[in-house]
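Notes to accompany the following structure.
Where a number appears in this text, it was derived from the coordinates with a stated rule and is not lab data. Worth saying up front: this structure is predicted, and the values here are computed from it rather than measured. Backbone-built Cβ (ideal geometry, glycine too); neighbour counts: all protein chains shown.
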Amino acid sequence: MELNELKRRRLALISRMPRNSVAILSSANKNYRTKDVENPYRQNSDFLYITGLSEPNLINLIFKENEKINSILFRDNTSEYEMVWDGTRIDNDTVQKMYDFTEVHRYNDCKDKILDFIKNKDSLFIESGLNNELDSFIQEQISNSGKNNRKNFSFPNQIIALHSLTQNLRLIKSKYEIKLIKDAAKVSIKAHKEAMKKSKPGMYEYELDAEIKYIFNKNNMHYAYMSIVGSGNNACTLHYVKNESLLKDKDLVLIDAAAENQGYASDITRTFPVNGKFTKEQAEIYDIVLRSQEKAIEFIKPGVTWDEVHKVTVSEISKGLIELNLLTDKYEDVIKNESYKDFFMHKTGHWLGLDVHDVGEYENILFKPGMVITVEPGIYINYLNNNVDEKWKGIGIRIEDDVLVTENGSEVITLDLPKSRHEIESLCNQ
Ligand code: GLY
Ligand code: MN
Ligand code: MN
């Protein structure tokens, strides 16, 4: 983690905090798959953003005093037990220098020290639910504060959710962050291409998932979210992650899978024919989704809102579905009654960053350079839909790219992954 980047983030956080306030951040706990079997550790995104550290059992306090930023870390050096079972971690002196903390204290001392640091501050920024012990301690202090039994001590009378600050900071990505997302995207692109090349009837969805994960792991990355490998009608289940079905000739397969790089996610979906050749109906639906996605991407530039982008995809998809007689109402009525939602029931995209569905509001926000978003319209014609001709049933298509808002418009981060039918067919047949 670059020190300048960390300093920039801390400064940005502090500059948004009111006078005489303090923020307390907690690391994520270890997470268990079963009894004592750990999942790979994933730091809380805000904590990672502000400290750069990816370890459990940490608390970070940050505040400004005499024009100087104080960033206090509570962390223990490796215990004898850990040395035997987990190995040695870097020591606190090194952590202090490498990550530019003003002070580092033993974790066990945190309660007393926290009280010292936050006494007589007006506001406290904190997120509950991460560290139960800290939550109870803070709660206790709030209850005690009314009792006025401590001389020269007052507990902050304003407790504010930390994410009200961090979500706005995290919305605009620095060059450093954009590079990490781009590197994640590169690996994801490689994985998607490999899946297209490997796919053939008779394989199972989990085999394609395995090819994808192999490429992530081989590049020292992890999946940013559970891969969706949905063939045939499975593609119409938006959060299908079982990935257990046989890939059948003439079916499509939708793959929504992407790598995470040092905490930063990419997020990509492609849909392609299992046997390398789109049928006529699949091609017709594919071209509507692609057109809507391309039009939405063309539309993206600073000053535009999510709502406007969504209107572009909705409009293109509605027109296309009306042309194919899948929607029989007039265009105006389809829009007014939202009947397109029978086939396109999710939003066009989301913020992308340390969280796949990254923090940030969606209403009344104008796009600005440095924001990273996904653009992912889809059409899903579930076999359970009784109002459509048989020939359409089981077609589920989504196309998802990652897009950086730039000064003059946008840059498609995932541009190197083909999406025209022709390019996809030729990749599938390699
Ligand atoms: N992969 C999650 C999403 O596309 O939103
Ligand atoms: Mn997405
Ligand atoms: Mn996705």
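A full extension of the chain between ARG16 and LYS197 corresponds to an added length of 60.3 nm, given 0.36 nm per residue minus the alpha carbon distance. At full extension, LYS113 and ASN217 could sit 33.4 nm farther apart than now, given 0.36 nm per residue minus the alpha carbon distance. Mean separation of Cα pairs under 8 Å and 6 or more residues apart, divided by the residue count, gives region 231-349 a relative contact order of 16 percent. The simple Förster model, with R0 at 41 Å and r as the Cβ-Cβ distance, assigns GLU338 and MET83 a FRET efficiency of 0.10.
When the Gaussian network model of the chain links Cα atoms closer than 10 Å, the mean-square fluctuations of GLU194, GLU361, GLU260 top out at GLU361.
For region 380-430, GluC sites (Glu not before Pro) meeting the loop criterion (DSSP other than H, G, I, E, B) and having at most 15 other Cβ atoms within 10 Å: GLU407. Taking the DSSP bridge list for the chain and keeping only pairs wholly inside it, about 80 percent are antiparallel.
Panel values: region 48-190, Kirkwood radius from alpha carbon pairs, Stokes-Einstein at 20 °C and 1.002 mPa s, translational diffusion coefficient 121 µm²/s. Relative contact order, whole percent, for the chain stands at 14, derived from Cα pairs under 8 Å and 6 or more residues apart.
Dividing the Cα radius of gyration of region 294-424 by 2.2 N^0.38 Å, with N the residue count, gives 1.13. Scaling against 2.2 N^0.38 Å puts the C-alpha radius of gyration of region 28-118 at 1.18.
Note down the net charge around ARG421, summing +1 for each Lys or Arg and -1 for each Asp or Glu among other residues with Cβ under 12 Å from its Cβ. Here the count lands on +1.
Projection of the Cα convex hull of the chain, averaged over all directions and equal to a quarter of that hull's surface, yields 24.5 nm².
Sequence gap at least 6, Cα distance under 8 Å: using those rules, report the relative contact order of region 294-364 to the nearest whole percent. It comes to 28 percent, rounded to a whole number. The 3J(HN,Hα) values that the Karplus relation (6.51, -1.76, 1.60; θ = phi - 60°) gives for region 257-262 are, in residue order, 8, 6, 8, 10, 10, 6 Hz. Gly and Pro appear as x.
Model label points for ILE159 and ILE90, set 7 angstrom from Cα along the Cα-to-Cβ axis, are 3.4 nm apart. Residues whose amide H comes within less than 5 Å of that of GLY396, counting only those at least five positions distant or on another chain, are ILE381 (H built at 1.01 Å from N in the peptide plane).
Listed values for region 74-84 are Karplus-derived 3J(HN,Hα) couplings in whole Hz (6.51 cos²θ - 1.76 cosθ + 1.60, θ = phi - 60°), namely 9, 7, 9, 5, 4, 7, 4, 4, 4, 4, 6, and x replaces Gly and Pro.
With R₀ set to 41 Å, the beta-carbon distance separating THR305 from LEU384 gives a calculated FRET efficiency near 0.75.
Dividing the summed helix terms, -39500 (n - 2.57) for each DSSP H run of n ≥ 4, by the number of residues in the chain produces a 222 nm estimate of -11500 deg cm²/dmol to the nearest 500. Between VAL84, VAL334, VAL241, the Gaussian network model of the chain with springs among Cα atoms under 10 angstrom shows the greatest mean-square fluctuation at VAL84.
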